[in-house]
């Protein structure tokens with residue numbers, strides 16, 4: 001079972017909670033527009049992930065796992081009339 005939580009693009013953090021019956025490899029796609037990324041697994045920070053577009057693999061253990069993934073990207077949030085916003 002997996003759940004993901006994010007307010008992206010208003011925040012660069014994505015949280016993924018996984019409960020697994022057996023260890024498995026999770027593949028995450030790093031989009032070409034990402035300028036840098038890092039993650040923690042079960043509260044333990046790991047080295048920054050290469051910001052090379054493509055797939056990144058993380059071994060998830062049996063049981064409950066919490067992955068927090070930060071994707072740095074150049075974004076601009078604009079305010080408009082009537083409370084509308086744009087994200088570019």
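Rule-based calculations on the coordinates, nothing more; no lab input. Values in this document were obtained by computation on a predicted structure and should not be read as measured data. Here the Cβ positions follow ideal geometry from the backbone for every residue, glycine too, while neighbour counts run over all protein chains shown.
When only Cα pairs under 8 Å and 6 or more residues apart are kept, what is the percent relative contact order across the range 2-87? Don't jump to the answer; show the numbers that get you there.
Details: 172 pairs, mean separation 29.5, N = 86.
Relative CO of the range 2-87 lands at 34 percent.
What ranking of 61, 79 emerges when the number of other C-beta atoms within 10 Å of each C-beta is taken as an exposure proxy, fewest first? Please list the in-between numbers first.
Numbers: 61 13, 79 8.
Exposure proxy ranking, most exposed first: 79, 61.
Mind sorting out which of (i) 7.1; (ii) 15.8; (iii) 6.5 is the real mean projected area of the Cα convex hull in nm² computed from the coordinates?
The calculated read-out lines up with (iii).
As a footprinting exposure proxy, order 26, 13 by other Cβ within 10 Å, with the fewest listed first. Each step should come with its number before you reach the end.
Working: 26 16, 13 12.
So the residues, fewest neighbours to most, are 13, 26.
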